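What follows is one structure encoded as structure tokens, with my remarks underneath.
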Amino acid sequence: EPRVVAGRDDLPAGEPVAPAVATSVVEVIATGVSANGRAGTFPMQLAVRGSQPWGGVPALELSARGPLTPAGDLVLDLLLRGPRPEGATLFGELDEYRAELKGHNFALGLGDRVYSVGQLIQPYWYGFGAGGTVALGAFDLGGFAASKRRLSDRPTRRSGYAGLRLGASRLRFLYDEQTGVNGGRTLGGQGVFVPLPRVSVAVEYGAGLRDA
């Protein structure tokens, strides 16, 4: 259903005028057939946009989120927005490309998104990269590699962890490596212990590593 928001043309001369933005949204429904012969659908939205006088929004946006299986145990989250508007700053709407696939014991992410492995070492790091987590019985693994592609020095970060779960308690060993202003390497540990019902204790420790 097309949606149009237009700037006013009845204001006195010299008054600021809001930019006119036009958006047309089309729903695209992808269909498929499962192993048992049942048809499935995956709705997506495709938006085509333009603005005047600045042209300050990405022209295309494809977005979708929903289950890929009838049971809902495999979920895809998708956003493709671009290209980057000419002259855009970090404070406006920027191009963004990301995809995330989640299952009952794993999650995989790619593109522009927030990455995290621990609470002590910059817990939320936004960049362009790839990462994931997986749980294998009592063990869990996770990590990511990403860079800030919009900054001139393009700082990078690589982080990972290996963990062990014992009931409600959890122990993880972390490694983190960064370049740029906060560059350096860090080793850390993270633990969540449940000594009594409804009582938990969370502890995290990190130490910087010196280069040889």
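The values are calculated or read from the model by the stated rules, or taken from the named source; none is laboratory data. Source: prediction; values computed, not measured. Cβ sites come from the backbone with ideal geometry, for glycine too, and all protein chains shown count toward neighbours. Each accessible area value is taken on the protein alone, full model and side chains, heavy atoms only, with ligands, DNA and RNA left out. Shrake-Rupley method; radii C 1.70, N 1.55, O 1.52, S 1.80 Å.
Summary of computed values
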read-out: Unique match (being open to solvent by less than 70 Å² (accessible area, probe 1.4 Å) and out of contact with any strand residue (DSSP E or B) (no Cβ under 8 Å at 6 or more places or on another chain)) among Gly137, Gly118, Gly132, Gly163; value: Gly137
read-out: Residue match in region 143-155 (condition: under 30 Å from Tyr97 (Cβ atoms), assigned to a strand (DSSP E or B), of a type in the set (Lys, Arg) and open to solvent by 30 Å² or more (accessible area, probe 1.4 Å)); value: no
read-out: Filter result for the condition that a residue is within 26 Å of Arg65 (Cα to Cα), out of contact with any Lys or Arg (no Cβ under 6 Å at 6 or more places or on another chain) and polar (S, T, N, Q), over Thr179, Thr133; value: Thr133
read-out: Positions within region 165-182 being assigned to a strand (DSSP E or B) and under 23 Å from the mean Cα position of the chain (by Cα), in sequence order; value: Arg172, Leu174, Tyr175, Asp176, Glu177, Gln178
read-out: Arg185, sole failed condition from (1) among the basic types (Lys, Arg); (2) open to solvent by 50 Å² or more (accessible area, probe 1.4 Å); (3) within 19 Å of the chain's Cα centre (by Cα); (4) more than 30 Å from Val199 (Cα to Cα); value: (3)
read-out: Failed condition for Gly180, given (1) of a type outside the set (Phe, Trp, Tyr); (2) within 25 Å of Glu61 (Cβ to Cβ); (3) open to solvent by 40 Å² or more (accessible area, probe 1.4 Å); value: (2)
read-out: Exclusive hit being touching a Leu at 6+ places or on another chain (Cβ under 9 Å), more than 23 Å from Gly111 (Cα to Cα), of a type in the set (Lys, Arg) and without any contact (Cβ under 8 Å) to a residue 40 or more places away in the chain, set Arg165, Arg198, Arg172; value: Arg165
